[in-house]
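Undergrad: First the structure, then my questions, so here it is.
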Amino acid sequence: MILFTNSPSELVTCTAFRPSGLKVRGNDPEARFEIHYFDSMKAIVFYLTWPFLYLTASLPFGLLYGMSDFLYSILTLSGYRRTVVIRNLSNAFPEKSALEIKSIASEYYRYLCDVVVESLKATKMSEQESKKRCRFRAADWLDRLYKEQRSIILVTGHYGNWEWGSACFALNTEFKLGVIYRPLANKHFDKLVARMRGRFGTKIIPQTRTLREMAADRQVVTATAFVADQSAPRDHAYWTTFLNQDTSIYTGPEKLAIKFNYPVVYVNTYRMRRGYYELVPELLCANPSETREGEISEAFARRLEKDIVASPVTWLWSHKRWKHQRPDTRKAPGIVSPQT
């Protein structure tokens, strides 16, 4: 069992168990028993863990951050993904000393623990409390887009508190918000995460249904949100230099923006102080259909990089972001096709 994953919203997934994609051929009784066994184990893990998660979410904020401090001690002692964090930081900031990298890493773990408990707390936060804890910076141009009946695409990264950010956007704009996500292997935790993200009318869209759902909602003014800084497959990505490293970026948001000609809006949830954030929208591209291939993906990479360089602590450094290598045939920024 793994208690922490790449995203705090996926924190108690049973990834040590059988891969969810296992298929049964024919009437193999052993295979069917295996599926039943692993499904049962996932249910047991969920029901054993759920009381702790529920209790944590029910804590007042003072005690909640006490829990975060305790969690930080556990992570420090366990060395959770420390090698990954130090390597990522060192490669991203080669100009910083080992002491500076160590200091950022330490602050990062404190931030990560806060985001974990804050994500759990989101399941219990009222509309009023959500607005108080995550402030929205109003933008006249965003209101105009809605009045013009123009749907938009939101792109963001694992920065600040993206879980609170989605609730903030849903509560402070007229757009019908849809959040794209990858379903978890454990269906019990998947339902929990979907319920958390679906608060305040947010539509939760599995990534395999993105195009279908966007097409079905063309008569509605929507905002479709992508957390777009995950590592894309090597041969199906836009490649660029991001934080001093060859980096693959998913092209889905760009392709969909061009297909529907939906303006692309960059949003980030900045941490103001412990327990308080501000969501800031910024128009990244007004007319995607007029852009060159890769232009939107590059603009997103540059904008997110700017925020990370300005405040590196609040990005998800424990994610294995650079696990893919750029194909040797492409050194300049560009999109790599499967045939490359």
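Here, each number is a calculation from the coordinates, and none is a lab measurement. All figures in this text were calculated on a predicted structure; none of them were measured in a lab. Neighbour counts run over all protein chains shown; Cβ positions are idealised from the backbone, glycine included.
Undergrad: With the Cα gyration tensor of region 55-118 in hand, give its eigenvalues times 5 under a square root as the equivalent ellipsoid semi-axes, listed largest first in whole angstrom.
TA: Semi-axes (√(5λ), whole Å): 27, 11, 9.
Undergrad: Please work out how much length the chain gains when fully extended from Thr76 to Lys255, using 0.36 nm per residue of separation minus the C-alpha to C-alpha distance, in nm with one decimal.
TA: Extending this stretch completely gives an extra 60.3 nm.
Undergrad: Label region 121-220 by shape, choosing from rounded, prolate and oblate, from the square roots a ≥ b ≥ c of the eigenvalues of the Cα gyration tensor; if a/c is under 1.5 it is rounded, and otherwise prolate applies when a/b is larger than b/c, oblate when it is not.
TA: oblate
Undergrad: What list of whole percents do you get for P(r) of region 208-340, with Cα-Cα distances grouped in 10 Å bins up to the one holding the largest distance?
TA: 11, 39, 36, 14, 1
Undergrad: Which three semi-axes in whole Å describe the equivalent ellipsoid of region 90-138, each the square root of 5 times a Cα gyration tensor eigenvalue, listed largest first?
TA: 33, 14, 7
Undergrad: Taking a ≥ b ≥ c as the square roots of the eigenvalues of the Cα gyration tensor of region 155-284, is the shape rounded (a/c under 1.5), prolate (a/b larger than b/c) or oblate?
TA: Note, shape of region 155-284 comes out rounded.
Undergrad: Taking other Cβ within 10 Å of each residue's Cβ, how do Asp140, Asp307, Asp69, Asp246 sort, fewest first?
TA: Asp140, Asp69, Asp246, Asp307
Undergrad: May I pose another question? Looking at the square roots a ≥ b ≥ c of the eigenvalues of the Cα gyration tensor of region 289-330, which shape do they give, rounded for a/c under 1.5, prolate if a/b is larger than b/c, or oblate?
TA: oblate
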